[in-house]
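The structure appears right after this line, and notes come after that.
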Amino acid sequence: MKTIGILGGMSAASTQIYYRELCTMTRERLGGLHSPELLIRSLDFALIETLQMKGDWTAAGVILNEGARALERGGAQVIVLATNTMHKLANEMMAGVHIPFVHIADATAHAIKAKGLRTPGLMATSFTMEQSFYTDRLIAAGLRPVIPNPGDRAEIHRIIYEELCKDVTTEQSRAAYVAIAERLAASGADSLILGCTEIGMLLNEGNVEMPVFDTTLIHCKAVLDHALE
C-alpha cells in the first residue's frame, strides 16, 4: 500500500472523518488487522478561515503548499486535501510537489456519472457554491450542477462554520438542510452533492429523497483505490 498524505484540519471535524473512514475502508478491503499507511498534516483552521474571509487566497495557498511539501518530505506517495473549499487552491498547493494528488470534485463527478445522473444539487460553503473553481470541474465532466438560492446558500454556509466545523449538530439545522435539499429537488436536481466535508454529519440517504453523494466518502474511496493500485 502506498502511504497516503492527508492535508487536513480544515476543519478538524472533517479530518477525523477521513481518518475513521480510511481505516474502516482498508479493514473492509484487506481484512484482519489491516489499516492504512497515513501521514496527517493538520493545519490551524482559525488562520485559514481568517484568510478566507479576507480573500487572501495567496497567503492561504502558500500555507497549503508548505503542508503538501512537508507530506512529500515525510514519505507520502499520494496526497488528499481533506476539504472541498480549499481545492480552490489545488494548483497552488501542488506547485513543486511531485507526487499524485486526488481531486475531490473529479472523484465526485466520476461517481455521479457512474450512476447515470447528470443534474446534482450542490450544498457546500458559499465559496464552493458561488465561485467557479468547483462547479467548472463538474461541468467539464458533463454535469449540470443546481445551486441553492441566495438565502439557502447563506444558511448552509452559516451552519457549516458556526456549528459543523465545531463538531456541533442540532436537529434544527438538520431540518433546515433537509428542507434545502427538497427545494433543490424541486428545482430539477436528480441527486445531491454533500460538497462540504462536514455536511454528512447532518445529511445522508436516510433523510434525503434522492441519491446522495458524500464527497468525503467518495474522496476516501478514490485515494484508497490509488494507494492499493
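Just one of the listed residues (ILE63, ILE99, ILE112, ILE6) is in contact with a Phe, Trp or Tyr (Cβ under 7 Å, 6 or more places away or on another chain), at pLDDT 95 or above and over 23 Å from LEU138 (Cβ atoms), and it is ILE6.
Determine which member of the set ALA59, ALA111 is free of Cβ contacts under 8 Å to residues at least 12 places away in the same chain, open to solvent by less than 40 Å² (accessible area, probe 1.4 Å) and in a helix (DSSP H, G or I).
After applying the criteria, what remains is ALA59.
Go through region 181-199 and count every residue that is within 28 Å of GLY5 (Cβ to Cβ) and either part of a strand (DSSP E or B) or open to solvent by 30 Å² or more (accessible area, probe 1.4 Å) (or both). The number of residues fulfilling the criteria is 2.
Which residue, of LEU22, LEU7, is part of a strand (DSSP E or B), closer than 20 Å to HIS103 by Cα and out of contact with any Ser or Thr (no Cβ under 6 Å at 6 or more places or on another chain)? Going through LEU22, LEU7 in turn, just one is part of a strand (DSSP E or B), closer than 20 Å to HIS103 by Cα and out of contact with any Ser or Thr (no Cβ under 6 Å at 6 or more places or on another chain): LEU7.
The number of residues in region 156-180 being crowded, with 16+ Cβ neighbours inside 10 Å and not hydroxyl-bearing (Ser, Thr, Tyr) comes to 9.
Among all positions in region 145-157, there is no residue which is free of Cβ contacts under 8 Å to residues at least 24 places away in the same chain and closer than 20 Å to ALA46 by Cα. Within region 62-92, the set of residues being open to solvent by 10 Å² or more (accessible area, probe 1.4 Å) and over 23 Å from ILE193 (Cβ atoms) comprises VAL62, ILE63, ASN65, GLU66, ARG69, ALA70, GLU72, ARG73, GLY74, GLY75, GLN77, GLU92.
Among the residues making up region 31-56, those that are open to solvent by less than 80 Å² (accessible area, probe 1.4 Å) and among the hydrophobic types (A, V, I, L, M, F, W, C) are LEU38, LEU39, LEU43, PHE45, ALA46, ILE48, LEU51.
Within region 145-155, the set of residues being open to solvent by 40 Å² or more (accessible area, probe 1.4 Å) and either among the hydrophobic types (A, V, I, L, M, F, W, C) or touching a strand residue (DSSP E or B) at 6+ places or on another chain (Cβ under 8 Å) (or both) comprises ILE147, ALA154. Scan region 143-171 for residues that are under 16 Å from MET53 (Cβ atoms), under 17 Å from the mean Cα position of the chain (by Cα) and of a type in the set (A, V, I, L, M) and jot them down. Passing the criteria: only ILE160.
The values are calculated or read from the model by the stated rules, or taken from the named source; none is laboratory data. Being a predicted model, the structure only gives us computed values, none of them experimental. Ideal geometry is used to build each Cβ from the backbone, glycine not excepted, and the neighbour counts take in all protein chains shown. Side chains included, ligands, DNA and RNA excluded: accessible areas come from the protein's heavy atoms. Shrake-Rupley method; radii C 1.70, N 1.55, O 1.52, S 1.80 Å.
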